[in-house]
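Below is one structure, written out as structure tokens; comments come after it.
The values are calculated or read from the model by the stated rules, or taken from the named source; none is laboratory data. This is a predicted model, so every value here is computed, not measured. Ligands, DNA and RNA are excluded from the accessible area calculation, which covers all protein heavy atoms including side chains. Shrake-Rupley method; radii C 1.70, N 1.55, O 1.52, S 1.80 Å.
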Amino acid sequence: MKSWFIYFKKNRDTALLTGALLCLIIALLKPTVPIKHNIYTYLLIADISQSMNTIDMSVDGKPAARIAQTQKLMHETVSSLPCGTKVSIGLFAGNAVAALYSPIEVCNNFAAVQDTIDHLDWRTAWSGNSRIRESLYGISRIIRSFPEPAQVVLFTDGEEAPKLHVFNTKDLTNFQGADGWLLVGVGSEKGEAIPKLSDKNQVIGYWSNESFALQPGIAQISESTLGTRDDNVAGANDRYISKLDAEYLTSVAKEIGATYIKGDNIHTLLNAMKTQKPARRDVAPFNLSWLFATLAGLLLLAAYFTKHPIQQMASTLRLYKKEFKRSHLSHNEVSIAHDNHFT
């Protein structure tokens, strides 16, 4: 040990630079150690029913549809998640939910996830209605089909279409597995008409009150299954006004043990996601590359400092001071000589 110390003392710079090089080589090999820690996996579900086309939100200072606000929140959420987090994107319409893929790591698949969000569209929907209570069982089935547990974040305006009554209200008393889920309300409480769009995404009118009218029990249940609506375009005074049903979403969240938040900004959403329980806790590799890279940088800096850096800096400052005085005196001598010449 003593011989090593003596060698280091005599060859300080060489030892430090050699150590920095070794640390960089180790960092390039990406060493890891197994550590037990929280693993976060999310299923982000977008309501793509036609009420989400209602323009009552603002994105970048411009009027925007609820689906556009959902896309913005999803984009910002994915961008804020740390590497190692896994994400899946899901779609909700009618009484069913579909996951587009199993959860994938956000950093390695960042572009793919963001591209999926960009292409969320009401025309992808397989049903014209939205049965939120019914869909919760579908979400639960999807989570069980994943290779690993996941937390749910559901973006919706809370619009049940057709409207609920005693015959079609799904009982959620025995619903389990929603502990930690987030229901994110998208839309305004003031409300606007739901635009009726063509297959080319052009507004051809607005949905009428008749489209959401209550029907007798059996017909209502059939309606929710078939996903059909009255196709008549509403007149000026017959437009159905769609609103964010925060009260309803809050009650649903309470029934299943979930949490409701309003999706008006990303900070509220991220803070709520931080309170969610991790999907699971397991042993996973912890990357040490950053540690060795940092150590290499410190050794490199140390190689360029003397044994007494403070004294060295003081000495350097004194040299600069003497040089400044010398140049100042030389300038004065030149000025005096110049003045004498003309005198």
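Brief remarks follow.
- In the stretch 71-219, the portion of solvent-accessible area held by carbon and sulfur atoms comes to 52 percent [1.4 Å probe, whole percent, DNA, RNA and ligands not counted].
- List TRP290, TRP122, TRP181, ordered by accessible area with a 1.4 Å probe, largest first: TRP290, TRP122, TRP181
- Of GLU76, GLU148, the order by accessible heavy-atom surface (1.4 Å probe, DNA, RNA and ligands excluded), from most exposed downward, is GLU76, GLU148.
- Calculated from the alpha-carbon coordinates, the stretch 142-198 shows an Rg and a Dmax of 15.5, 42 Å respectively.
- Rolling a 1.4 Å probe across all protein chains gives PHE292 an accessible area of roughly 50 Å².
- All C-alpha to C-alpha distances of the stretch 1-158, sorted into 10 Å bins beginning at zero, yield P(r) values of 9, 29, 24, 11, 9, 8, 6, 3, 0 percent in whole numbers.
- Ligands, DNA and RNA are left out, and with a 1.4 angstrom probe the accessible area of the stretch 69-206 is 42 Å² per residue.
- Largest to smallest in accessible area, the residues THR116, THR32 fall in the order THR32, THR116 (1.4 Å probe, all protein chains included).
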